[in-house]
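Down below is the structure, laid out as structure tokens.
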Amino acid sequence: MSDLAFQRCVHPHCGTTVDLADTAFRCPKCGGLLDVAYDWDRLPVPKSLKHFESKWANRTHPLDFSGVWRFRDLFPFAADDKVMTIGEGQTLCQRADAVAAYCGMKPGTTFLQYEGMNPSGSFKDNGMTAAFTHAATVGARRAACASTGNTSASLAIYCAASQMMRAVIFIGSGKISYGKLSQALEHGALTVQIAGDFDDALRRVQEVSRQLGIYLVNSVNPFRLEGQKSIMFRVLEALRWEVPDWILVPGGNLGNCSAFGKAFIELTELGLIPRPPRIAVINAAGADTLYQLFEKNGVRWNGGRPDDRKIGVYMKYLDDADKRADTLASAIEINRPVNLPKALRALDRCGGVVREVTDGEILDAKAKIGAGGLGCEPASAASVAGLLKLVREGVIDPGERAVCILTGHVLKDPDATVAYHSADPKAFADKLGKRGVRRASFANRAVQVPNDLSEIVKAIELYA
Ligand code: F0G
């Protein structure tokens, strides 16, 4: 690997640099997170984002076919012949007027960036292809992650497709939807279910990876985030390179919002866009650490020196009260987001806001997204629930352009969908009622009819 790309501590006052091949993913001096950084002055930076349009003509080349790697000039850390791609990043950015109407936005303003078409069915493949490429470059034989289900599905797929590495995944017990668990099992990952939640699993996988020298692909791995920057490049591409006013993204471990922030900081500094959009990170109310710290406790990036005392007090409160993350949006059921400092940087540089939405608001938004023609899992719908909230608050103007990121496919968690639409009060109460969801305002209930032709015809004439 050349010296044109390297790793660097995210805190500017430390700024320690680390070799590109290092896999500790922590600053050796201050313990902070690392970025992948580039010597842009010595790299061929495109003069305009239109440069990437020409890649479409070259779709038979696997790297240009990939919706991630066709933007590799904007994260040039890997040699082309080392890239491990399985065609990830074929996504849609769909104009969604029905969703706009639900949120109180004007027609033509609201877009859904749909990541469910990735090989493993979630946005994670954008990052996994990048981390996997780095892992292969440094000769890793095993790769591990803790996961609420999508990172593990993605890792399992890359290991199976490449036959290059063994996947080791850590999941919390009872904390993963069947759609996602089935992927890990089907694709042959060693699946370690620990008695605990995601936060416990993430702590353990970091210890185990260190001890056994296993390559870690959680989003503490900065190469993951380089790949996830491409989600924003594709949004800009779909909007004809016009920067939207708002990007709304669900917040869990805060890798995605951190990656988006880094993408926009770099594009602005390279002169490729005039300004970054504003970013809204949407937490589930049962897993709202970023919301509490940023909006309630005023914790800010502060030039790379966030208020560690305030963060420490909050984390101690979580410990002392044994407060566990608890939301139906299991993908974002996380109380100790590993990328917190990078998320604070993204919020700082992109005029960000953070909101929390209840499980009921998430499921209503999800049903509206589905009725509008795109299916997503609960966590993804937090972005649309957040848009509705921010329009009602007057923070987002109905005429502004907003892009909500739909992070995962509807079939990832069919239980939640069926329980929401179920006519069976027990199914609703068991799955949703005990989580505080009182009503399924947009339920599309199945109609029960006897096995009788005239009754069936009557029911159809009545309802359709
Ligand atoms: N949406 C979905 C569908 C996810 O799976 C995740 C995270 C997020 C949103 C949140 O993204 O962590 O970058 O803030 N899932 C991780 C996993 C934690 O293990 O699959 P984030």
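Looking at this structure, is G188 of a type in the set (G, A, S), within 16 Å of the ligand (Cβ to nearest atom) and surrounded by fewer than 22 Cβ atoms within 10 Å (Cβ to Cβ)? If you could, list the steps in order and put the result at the bottom.
Working: of a type in the set (G, A, S): yes; within 16 Å of the ligand (Cβ to nearest atom): no; surrounded by fewer than 22 Cβ atoms within 10 Å (Cβ to Cβ): yes.
Considered against the rule, which asks whether it is of a type in the set (G, A, S), within 16 Å of the ligand (Cβ to nearest atom) and surrounded by fewer than 22 Cβ atoms within 10 Å (Cβ to Cβ), G188 comes out as no.
Can you give me the number of residues within the stretch 146-177 that are in contact (Cβ under 8 Å) with a residue 40 or more places away in the chain, part of a strand (DSSP E or B) and more than 9 Å from the ligand (Cβ to nearest atom)?
Residues that pass the stated criteria total 1.
Go through (1) more than 16 Å from the ligand (Cβ to nearest atom); (2) touching a residue at least 40 places away in the same chain (Cβ under 8 Å) for I311 and report which single condition fails.
Every condition holds for I311 apart from (2).
Just to be sure, is S209 touching a residue at least 12 places away in the same chain (Cβ under 8 Å), more than 30 Å from G399 (Cβ to Cβ) and more than 14 Å from the ligand (Cβ to nearest atom)?
Against the criterion (touching a residue at least 12 places away in the same chain (Cβ under 8 Å), more than 30 Å from G399 (Cβ to Cβ) and more than 14 Å from the ligand (Cβ to nearest atom)), S209 qualifies.
Name the residue that is nearest to the ligand (Cβ to nearest atom), counting only residues in the stretch 114-145 that are within 13 Å of F223 (Cβ to Cβ) and part of a loop (DSSP other than H, G, I, E, B).
Applying the filter and picking the extreme gives A140.
Starting from the stretch 233-244, take each residue that is under 14 Å from H51 (Cα atoms) and in a helix (DSSP H, G or I) and list its partners that are modelled with pLDDT of 95 or more and of a type in the set (S, T, Y), counting only C-beta distances under 6 angstrom and pairs at least six apart or across chains.
Once the first residue is under 14 Å from H51 (Cα atoms) and in a helix (DSSP H, G or I) and sits in the stretch 233-244, its partners that are modelled with pLDDT of 95 or more and of a type in the set (S, T, Y) give R234/T91.
Yes or no, residue by residue, for (1) within 16 Å of the ligand (Cβ to nearest atom); (2) over 18 Å from I334 (Cβ atoms); (3) of a type outside the set (A, V, I, L, M); (4) over 17 Å from the mean Cα position of the chain (by Cα):
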{"residue": "V249", "(1), (2), (3), (4)": "yes, no, no, no"}
{"residue": "G252", "(1), (2), (3), (4)": "yes, no, yes, no"}
{"residue": "N256", "(1), (2), (3), (4)": "yes, no, yes, no"}
{"residue": "T268", "(1), (2), (3), (4)": "no, yes, yes, yes"}
{"residue": "P277", "(1), (2), (3), (4)": "no, yes, yes, yes"}
{"residue": "I282", "(1), (2), (3), (4)": "yes, no, no, no"}
{"residue": "L290", "(1), (2), (3), (4)": "yes, no, no, no"}
{"residue": "G298", "(1), (2), (3), (4)": "no, yes, yes, yes"}
{"residue": "G303", "(1), (2), (3), (4)": "no, yes, yes, yes"}
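Which helices (runs of 4 or more DSSP H) does the stretch 345-442 wholly contain that include 1 or more residues that are aromatic (F, W, Y) and over 30 Å from R305 (Cβ atoms)? Working first, answer last.
On the way: elements: 359-371, 378-392, 414-421, 425-431.
Passing ranges, in order: 414-421, 425-431.
Can you tell me which of (1) out of contact with any His (no Cβ under 9 Å at 6 or more places or on another chain); (2) assigned to a loop (DSSP other than H, G, I, E, B) is the one D64 doesn't meet?
(2)
Any residue in the stretch 254-275 that's more than 13 Å from R345 (Cβ to Cβ) and part of a helix (DSSP H, G or I): show its pairings with residues that are more than 16 Å from the ligand (Cβ to nearest atom) and of a type in the set (A, V, I, L, M) at Cβ separation under 6 Å, as long as the two are six or more apart or on different chains.
Listed pairs, sorted by first residue: L267/I273.
Among the residues of the stretch 324-334, write down those that are away from the ligand (no atom under 12 Å from the Cβ) and more than 24 Å from C103 (Cβ to Cβ).
R324, D326
Which residue, of L344, L328, L340, is in contact with a Phe, Trp or Tyr (Cβ under 7 Å, 6 or more places away or on another chain) and not polar (S, T, N, Q)? So that I can check it myself, show each step before the final result.
Details: L328 fails: in contact with a Phe, Trp or Tyr (Cβ under 7 Å, 6 or more places away or on another chain); L340 fails: in contact with a Phe, Trp or Tyr (Cβ under 7 Å, 6 or more places away or on another chain).
Of L344, L328, L340, the one residue that is in contact with a Phe, Trp or Tyr (Cβ under 7 Å, 6 or more places away or on another chain) and not polar (S, T, N, Q) is L344.
For the stretch 381-395, give me the residue count where each residue is in contact with a strand residue (DSSP E or B) (Cβ under 6 Å, 6 or more places away or on another chain) and farther than 10 Å from I282 by Cβ.
0
Where residues in the stretch 343-377 are among the charged types (D, E, K, R) and over 21 Å from G408 (Cβ atoms), which of them is nearest to the ligand (Cβ to nearest atom)? Let's see the steps before the verdict.
Just the residues of the stretch 343-377 that are among the charged types (D, E, K, R), to begin with: 345, 348-349, 355-356, 359, 361, 364, 366, 368, 377.
Restricting the remaining residues to those that are over 21 Å from G408 (Cβ atoms) gives 345, 348-349.
Values: R345: 14, D348: 17, R349: 17 Å.
Result: R345.
Take the residues of the stretch 67-86 that are in a loop (DSSP other than H, G, I, E, B) and in contact with a helix residue (DSSP H, G or I) (Cβ under 6 Å, 6 or more places away or on another chain): which is nearest to L20 (Cα to Cα)? Reasoning before the result, please.
Taking the stretch 67-86 and keeping what is in a loop (DSSP other than H, G, I, E, B), we get 67-68, 75-79, 83-86.
Now drop any that are not in contact with a helix residue (DSSP H, G or I) (Cβ under 6 Å, 6 or more places away or on another chain), which leaves 67-68, 75, 78, 83-86.
Numbers: G67: 23, V68: 20, F75: 13, A78: 10, V83: 15, M84: 17, T85: 20, I86: 23 Å.
Within the stretch 67-86, the match that is nearest to L20 (Cα to Cα) is A78.
The values are calculated or read from the model by the stated rules, or taken from the named source; none is laboratory data. In this text the structure is predicted, and so the values were computed from the model without any measurement. Methodologically, a virtual Cβ is constructed for each residue, glycine included, from the backbone with ideal geometry; neighbour enumeration extends over all protein chains shown.
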